[in-house]
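S.K.: Mind having a look at this structure? Questions to follow.
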Amino acid sequence: MSASASDHGAVSIFRKVVKTEGMPGLFRGIGPPLATVSLLNAVLFSANGYLRGMARKISNLPENAPLTTSMYAACGAGSGVFMALVACPTELVKCRLQIQSQGHVAYQGPMDCTRSIIRNRGILGMYTGLTPTLLREVPGGLAYFTCYEVLKKSLTDVGKAPSQSTMLLSGGVAGVVYWGSVTSNSIRADKMIAVRTAC
């Protein structure tokens, strides 16, 4: 491993942050995502339910009829759009807080950062970085809901309702697939947002 590669590894970055900023530096920018995680999940699942209902209406299917796999995928991707619209401002604030250094503190916290963005760029400034956020959330929603439905269907006998354990397993595996599909996009999105919004 070259010296430059080791300088950017996780352990090296961890040590550098702890040395220069102390343990609190590891948690800089975590407030906005933690504060909105419930809201984001509510938006994701509500949007998915709404889009499934619309898909049934458009296809003239009964209210609780199962959809095709491609319809589940389309609804999952669509719910990712709704999720991105809510997540983008949070991600922007998180990235801005994370890229400021101890020597140059531009914001006193999430609310100060939000006020600064709106004052300087208007309310639409909160959507700086929407494209990379969409590039993360749309495939993530597609992967999650498609995986969940396919796995749930394959583990359930025809004509029977899925068991609690089937739904739990399907949701757990779908969650792993979701994070596996969005992790590299999430890192890329954060970098793109940070570059576009440097303090």
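The values are calculated or read from the model by the stated rules, or taken from the named source; none is laboratory data. Computed from a prediction, not measured in an experiment: that's the story for all the values here. Neighbour counts run over all protein chains shown; Cβ positions are idealised from the backbone, glycine included. Note: areas computed on protein heavy atoms with side chains; ligands, DNA, RNA excluded. Shrake-Rupley method; radii C 1.70, N 1.55, O 1.52, S 1.80 Å.
S.K.: Any idea which of (1) assigned to a helix (DSSP H, G or I); (2) in contact with a Leu (Cβ under 8 Å, 6 or more places away or on another chain) is the one residue 150 doesn't satisfy?
M.R.: (2)
S.K.: Would you check which residues across the range 37-59 are of a type in the set (Lys, Arg) and open to solvent by 70 Å² or more (accessible area, probe 1.4 Å) and list them? Spell out how you get there, then give the answer.
M.R.: Of the residues in the range 37-59, the ones of a type in the set (Lys, Arg) are 52, 56-57.
Answer for the range 37-59, where residues must be of a type in the set (Lys, Arg) and open to solvent by 70 Å² or more (accessible area, probe 1.4 Å): just 57.
S.K.: Can you pull out the residues in the range 125-169 that are without any contact (Cβ under 8 Å) to a residue 24 or more places away in the chain, farther than 17 Å from residue 67 by Cα and either touching a His at 6+ places or on another chain (Cβ under 7 Å) or among the small types (Gly, Ala, Ser) (or both)?
M.R.: The answer is 125, 163, 165.
S.K.: Looking at (1) among the aliphatic types (A, V, I, L, M); (2) assigned to a helix (DSSP H, G or I); (3) within 17 Å of residue 149 (Cα to Cα), find the lone condition where residue 67 falls short.
M.R.: So the condition that residue 67 fails would be (2).
S.K.: Pull up the range 105-132, narrow it to residues that are within 25 Å of residue 17 (Cβ to Cβ), open to solvent by less than 20 Å² (accessible area, probe 1.4 Å) and part of a helix (DSSP H, G or I), then point me to the one that is modelled with the lowest pLDDT.
M.R.: Applying the filter and picking the extreme gives 132.
S.K.: Do any residues in the range 28-52 that are closer than 28 Å to residue 69 by Cβ have Cβ atoms under 6 Å from those of residues that are in a helix (DSSP H, G or I) and open to solvent by 50 Å² or more (accessible area, probe 1.4 Å), where the two are at least six apart or on different chains, and which pairs are they?
M.R.: Taking only residues 6 or more apart or on different chains, the pairs are 43/82; 47/82.
S.K.: Only one of (1) closer than 30 Å to residue 158 by Cβ; (2) open to solvent by 40 Å² or more (accessible area, probe 1.4 Å); (3) without any contact (Cβ under 8 Å) to a residue 60 or more places away in the chain is not met by residue 24, so which one is it?
M.R.: (1) is the only condition that residue 24 fails.
S.K.: If you go through the range 107-148, how many residues are under 20 Å from the mean Cα position of the chain (by Cα) and not small (Gly, Ala, Ser)?
M.R.: The total comes to 22.
S.K.: Quick one: is residue 102 closer than 19 Å to residue 35 by Cβ, modelled with pLDDT under 95 and open to solvent by 40 Å² or more (accessible area, probe 1.4 Å)?
M.R.: So residue 102 fails the test.
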